[in-house]
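**Student:** Please find one structure pasted underneath; my questions will follow.
Read the figures in this text as sums done on the coordinates, not as results from a lab. Predicted model only: the values in this text are computed from it and were never measured. Note that each Cβ is placed from the backbone with ideal geometry, even for glycine, and that neighbours are counted across all protein chains shown.
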Amino acid sequence: MSETLSAAIPSTMRVSLLRGVRDLVLDERPVPEPGPHQVLVRVTAVGTCGSDVHYYEEGRIGSFVVRQPLVLGHESGGVVAAVGPGVTRNRPGQRVSIEPGVPCFTCDQCRTGRYNLCPDMRFFGTPPIDGAFSEYVLVHEAMAHPVPDTLSDEAAALLEPLSVGVWACRKAQVGPGSRVLVTGAGPIGLIALQTARAFGADEIVVTDVRPHRLDLAADLGADAVVNVAERAVTGFEPDVLLECSGVPAAIGAAIRLVGRAGRVVLIGMGGDEIPLPLDHVQRYEIQVTGTFRYANTWPAAIALAASGKVDLDRLVTHRFDLADAEQALTVAARDETAVKPVVRP
Ligand SMILES: [Zn+2]
Ligand SMILES: [Zn+2]
């Protein structure tokens, strides 16, 4: 038996269902019962992410293919509505940020703390696992992270992309005095900028080709912004490159700027293959790494957002009802000021 909050939980809920390419409909489903160590969360906000847009537009991302109707959304937060047997970490009424992937907890990668690399990860909004474009979701108690009341519902949801920034800065060993180049001022780039600053970076330069986003980067604390459609970055030798553009041609040029023993973290998705300036990477002993999601990042992300060092609310540009989730996925194509559209179920 689950312990329920006195506020009645309805028997059915609305979900937004992706049935095929550009085919998103509102559907009704039974509200699930939490099983052992599971928590039922009433979703209050879900950020839309490039990957959601990708599934909507193309029905796949690389080897992940939508073969059956799928609920999108993996950047979410809400309020605990009920807890299943054995849950000790959460109680009804608690506001939580949802970590959207549940690993197996037992494989070699999980046991060494790299659970983001678990081959049996079940991740929200990634086929065939349903995500959070839904009034309620079930999550494992280990992945329902309590948040302080000073964090907005939207900020609680956006701790997920902040976790991407935290993981990238850890991989890049960003610290006091670091000089950081952030390529691409989308949501992840704008988060990477703020996270690098919070990690102690001294000088941060952000590049993009969209003036509106560069203005936002400057507002959020970049020391310099460069529109690379107009001019190249000069006179700056970063020791860290946080690549958030995913544009193959830009990546090679950015790596060439990195100084000796520098670190390059490839976060942006897009090109399957990139040209690598091998001579530069070899002579300067540059470490080049990818990142896949994150592990053990929520405590840091909560602290960064709660302290105000990272402003997630500034990224939210549009809000939509669950019935208008399609608008949330397409607004970026119509409105160049869109940064992070949020769905409010
Ligand atoms: Zn995302
Ligand atoms: Zn595992």
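**Student:** Counting only DSSP beta bridges with both residues in the chain, tell me the antiparallel percent, nearest 5.
**Tutor:** The answer is about 60 percent antiparallel.
**Student:** If you keep only loop residues by DSSP, which GluC sites (Glu not before Pro) in segment 178-279 have at most 11 other Cβ atoms within 10 Å of their Cβ?
**Tutor:** Those that pass, being in a loop and sparsely packed, are 230, 273.
**Student:** Stretched out fully, how many nm does the piece from residue 33 to residue 260 gain, at 0.36 nm a residue minus the Cα gap?
**Tutor:** Going from the current span to full extension adds 76.3 nm.
**Student:** Once you have the alpha carbon radius of gyration of the chain, what is it after dividing by 2.2 N^0.38 Å, with N set to its residue count?
**Tutor:** 0.99
**Student:** Here's a follow-up. Using the Kirkwood radius over Cα pairs, work out the Stokes-Einstein diffusion coefficient for segment 164-290 at 10 °C and 1.306 mPa s, in µm²/s as a whole number.
**Tutor:** 114
**Student:** Per DSSP helix of 4 or more residues, -39500 (n - 2.57); summed, then divided by the residues of the chain. What does that give at 222 nm, rounded to the nearest 500?
**Tutor:** -7000 deg cm²/dmol
**Student:** Could I ask something else about it? For residue 88 and residue 149, FRET efficiency with R0 = 22 Å and r from the beta-carbon atoms, rounded to 0.05?
**Tutor:** Approximately 0.55, to the nearest 0.05.
**Student:** Follow-up question, since we're still on this one. Say we join alpha carbon atoms closer than 10 Å with springs in a Gaussian network model of the chain; which of 266, 18, 26 then has the biggest fluctuation?
**Tutor:** Looking only at 266, 18, 26, the largest GNM fluctuation is found for 26.
**Student:** Add +1 for every Lys or Arg and -1 for every Asp or Glu among the other residues with Cβ under 12 Å from the Cβ of residue 256, and state the total.
**Tutor:** Net charge around residue 256: -1.
**Student:** Report the local net charge at residue 182: Lys and Arg +1, Asp and Glu -1, summed over other residues whose C-beta lies under 10 Å from its C-beta.
**Tutor:** Net charge around residue 182: -2.
**Student:** If I take every Cα pair under 8 Å that is 6 or more residues apart in the chain, average their sequence separation and divide by the length, what percent do I get for the relative contact order?
**Tutor:** 17
**Student:** Here's another thing I want to ask about it. Note the direction-averaged projected area, equal to a quarter of the hull surface, for the Cα convex hull of segment 1-81, in nm².
**Tutor:** Computed as one quarter of the Cα hull surface, the answer is 6.4 nm².
**Student:** For segment 293-345, take the convex hull of the Cα atoms, compute a quarter of its surface area, and give me that in nm², please.
**Tutor:** Over all viewing directions, segment 293-345 projects a mean Cα-hull area of 4.8 nm².
**Student:** Cβ neighbours within 10 Å, averaged per peptide: list 193-199, 222-228 in order, most packed at the top.
**Tutor:** Top to bottom by mean Cβ count within 10 Å: 193-199, 222-228.
**Student:** Multiplying the sequence separation of residue 212 and residue 269 by 0.36 nm and subtracting their Cα-Cα distance, what value in nm do you get?
**Tutor:** Stretched out fully, the residue 212 to residue 269 stretch lengthens by 18.4 nm.
**Student:** Report, to two decimal places, the Cα Rg of segment 216-322 normalised by 2.2 N^0.38 Å (N = number of residues).
**Tutor:** Normalised Cα radius of gyration, segment 216-322: 1.26.
**Student:** Another question, then. What is the dipole size for segment 164-290, taken about its Cα centre, with +1 at each Lys and Arg Cβ and -1 at each Asp and Glu Cβ, in debye to the nearest 20?
**Tutor:** Dipole about the Cα centre, nearest 20: 200 debye.
**Student:** While we're on this one: Please identify the DSSP H helices in the chain that span no less than 24 Å along the helix axis (Cα) and have a mean Kyte-Doolittle hydropathy of 1.0 or more.
**Tutor:** Answer set is empty.
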